[in-house]
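Everything on this sheet refers to the single structure shown next.
The values are calculated or read from the model by the stated rules, or taken from the named source; none is laboratory data. All of these numbers come straight from a predicted model, not from anything done at the bench. Methodologically, a virtual Cβ is constructed for each residue, glycine included, from the backbone with ideal geometry; neighbour enumeration extends over all protein chains shown. Note: areas computed on protein heavy atoms with side chains; ligands, DNA, RNA excluded. Shrake-Rupley method; radii C 1.70, N 1.55, O 1.52, S 1.80 Å.
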Amino acid sequence: IEPATLNEGQKLRQTPSFFPLAGHDKGEFMFLHPRHRLNLPRMPLHSPYKGLASFDETDQHLFYGRERVIAALRAKGDDPACRLLVVVGASGTGKSSVIKAGLLPLLRDAGLNILPVMRPGAHPTAELTRVLHDAPASGKAVLLIDQFEELITRCADPAERNAFDQRLHALLEADDGPVARLIITVRSDFEPQVNAGAPLLLRG
C-alpha cells in the first residue's frame, strides 16, 4: 500500500512515533507487557474446532449444547430391554459426536466397557471380528457402529452384508455374549436402504 500512495504523491508513509528503529524511516519497536490486563488469553494447545470431523471421547471437555439429547439417549439406553439403540439423522447433524463425546463417556463412567468404535467399511465382517477380538467376556461391553450406511456405500458384496447382519443378530440374542449394548448411527437418507437390506434395524 505504501509504495502505491507514495507514487501518487500522497506521502502517506508510516512514520515511527514512540520507539523508531535506528537508521530506518519506517516501523518501530513494539513491547508486550506479560501481565497487561488487555492481553489476549494464551492460544490453546489444539483447536477446539473439528471441522467436518466428529468429536470423540477425548473431546468430551469441548463438547456441549446437546445435554437434552444425551439425557434422552441415556434414559432410553438404561432400559435393560433396550440392547439396540439406533440414532438416525441427516448428514452433518452431529450423530457421531453426540454418541462418542456425549453418551459413551457416561456409559464408561457407569462401569460399561466401551469397545473401539467401528465403521463397516468395505469388509464389515472382518472389521467386526477385529473389534470383538479383545472384548471382555463379562457381557458388559458397548459396541458403537458409526456410519452404518457404509454397509450400502462401501460393501459391494450382498452375501457379506447378510453375514454381517446375522452376526449382529447373534450378538444381540446371546444372553452371555460379549456385547451388552449395540449402538448404531445411520444417515436418514440411507435408512430405507439399510432397512431393506439388513432387517436388524427393523428389529430395533
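For the range 167-187, the criterion of a residue being surrounded by fewer than 19 Cβ atoms within 10 Å (Cβ to Cβ) and more than 26 Å from Leu112 (Cα to Cα) is satisfied by no position.
Taking the stated definitions as given, is Thr153 out of contact with any strand residue (DSSP E or B) (no Cβ under 8 Å at 6 or more places or on another chain) and within 25 Å of Ser97 (Cβ to Cβ)? So Thr153 fits the description; yes.
Taken over the range 68-90, the criterion of being in a loop (DSSP other than H, G, I, E, B) and open to solvent by less than 60 Å² (accessible area, probe 1.4 Å) is satisfied by Cys82, Arg83, Ala90. One residue stands out in the range 130-155 among those that are at pLDDT below 90 and of a type in the set (Gly, Ala, Ser): the one that is surrounded by the fewest Cβ atoms within 10 Å (Cβ to Cβ), namely Ala137.
Taking the range 109-119 as the range and being open to solvent by 40 Å² or more (accessible area, probe 1.4 Å) and in a loop (DSSP other than H, G, I, E, B) as the test, the residues that pass are Ala110, Gly111, Pro116, Val117, Arg119. Looking at (1) open to solvent by 80 Å² or more (accessible area, probe 1.4 Å); (2) in a loop (DSSP other than H, G, I, E, B), which one does Gln60 not meet, given that it meets all the others? For Gln60, the failing item is (2). The lone criterion from (1) surrounded by 14 or more Cβ atoms within 10 Å (Cβ to Cβ); (2) touching a residue at least 24 places away in the same chain (Cβ under 8 Å) left unmet by Ala122 is number (1). Does the range 95-122 hold any residues that are within 14 Å of Ala180 (Cα to Cα) and of a type outside the set (A, V, I, L, M), and which are they? Selection gives Arg108, Gly111, Asn113.
The sole residue among Ala101, Ala170 that is in a helix (DSSP H, G or I), closer than 29 Å to Gly65 by Cα and small (Gly, Ala, Ser) is Ala101.
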